[in-house]
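What follows draws every value from the coordinates through simple rules; no lab data is involved. Because the structure is a prediction, the values reported are computed rather than measured. Please note: Cβ atoms are built from the backbone with ideal geometry, for glycine as well, and neighbour counts cover all protein chains shown.
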Amino acid sequence: MYDFVVVGVGPAGARFARRAAESGFDVLALEKGTVGTPLACSGHVSTDIWNYVPETAKDELFQNRIYGANFYTGGPDTDSHLFYKTEEISNVIDRVELDRTLADCARRAGADVREGHTVTGIEEHPDHVTVTVSVAGERGTDTVDARMVAGCDGPISRVRQAVDLPEPAEKLHGVLAFTDEIDHTDHVDVHLTVPEFFAWRIPRGEAGVEYGLAAPPGGDVNDRFEQLTESYGVETDRFCSGAIPIGPPDRVTTDRVFLIGDAAAQTKPFTGGGILYGMTAADCAARHIDPDRPGSLEIYESAWRQTLSSEIRMGHLIRRAYSLPESVQRVGLGALAGEIGVHMDKPSSFFSKTHLKRLFS
Ligand SMILES: Cc1cc2nc3c(=O)[nH]c(=O)nc-3n(C[C@H](O)[C@H](O)[C@H](O)COP(=O)(O)OP(=O)(O)OC[C@H]3O[C@@H](n4cnc5c(N)ncnc54)[C@H](O)[C@@H]3O)c2cc1C
């Protein structure tokens, strides 16, 4: 009987597995494929990311530093508005390597991390949970028992479905691809040309340039992606596609199962970013959940919401601006552009003294 079985070894699962193992719990973490693959993420994160990986990993992960964003209401040949800081706002990192690094941290902490293990069923009992697992290259299925199960299996969570927890409010469809242009410039481009979201260009240093966008499903995502790359006059390769859950459901816990990360839609509504929110929630889970006390799941449920809910609410408000008429967007961008004092993961910092001082100076 394990204390925890963790389903999915992305950032949320690896972080929880590491923290729970460090607390002395017996942890089995199951990843259906190979950790870090397939890629479906820009790896554009605030510099807080460096608090979650060993100092020695930075050289391997780091690709470029970002000081600002150029906002366009049209394509790259239209006027833009630059929002910037004088210190780094964010970094672009190798997302595949990030997942490998976090999984290695979990292993070193004592978690048993197994790749090629797909969880196909979850059955909750009063005093334990039975997890059914299919192992790559083997016939049939195995079962393992745990006092509790952490569903960290991403936006299309099988765990969420198996225990009948509610779905996120929406799931956007995100796509991205790369060129080999070497670009060390220090700002991203954001185009408010996509319904309810945006398209982007991210310079990744020696690792090339990334073009991408996200939109509600059925929003002609692939056609719009072609229009984006045509407007830049580039041809891309290594096309990736994934779902971005927005809007956490009202519950992410049952009696012995809990969700973390994209499975719980712990993402920023105005960027779709979920790496740092997922790991923040993983730390909340590891701090509060005791596998021998099912009641501790209630504490996790309220603790992660206390930490992230007001930022998520602010994020929803910011996202509404993406759907304003273009003329209003242009006036708003013109009025707010310039030096900012906002933390990328904390939209509430828009109202911080630092930001307001910069805004009105
Ligand atoms: C196009 C796009 C761009 C993005 N860009 C950014 C960005 O720049 N910055 C940012 O912060 N976020 C970004 N995101 C979001 C980010 O990728 C997610 O928020 C993050 O990966 C969530 O981590 P997670 O661990 O919750 O889930 P995931 O990273 O999805 O990990 C879940 C893991 O579970 C495994 N799994 C699934 N089902 C099973 C099963 N049945 N059994 C075993 N294992 C299973 C999967 O293989 C996967 O490894 C982007 C997303 C998309 C789609």
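Tabulated data
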| read-out | value |
| --- | --- |
| Along principal axes, Cα extents of the range 46-174, largest first, whole Å | 58, 37, 31 |
| Ellipticity estimate at 222 nm from DSSP helix runs (n ≥ 4, -39,500 (n - 2.57)) divided over the chain, nearest 500 | -9000 deg cm²/dmol |
| Gyration tensor over alpha-carbon atoms, the range 162-303, equivalent ellipsoid semi-axes in Å | 36, 17, 11 |
| Peptides ranked, highest mean first, by Cβ atoms within 10 Å: ranges 49-57, 19-27, 304-312 | 19-27, 304-312, 49-57 |
| Relative contact order, percent, the range 159-229 [alpha-carbon distance under 8 Å, six or more residues apart] | 32 |
| Partner lysines for Lys353 [C-alpha distance under 20 Å; skip if fewer than 8 residues away on the same chain] | Lys85 |
| Fraction of antiparallel bridges per DSSP, the chain only, in percent to nearest 5 | 70 |
| Kyte-Doolittle mean at least -0.5 and Cα axial length at least 18 Å: DSSP H helices in the chain | 275-288 |
| Zero-based 20 Å bins, Cα pair distances in the chain, whole percents | 30, 56, 14, 0 |
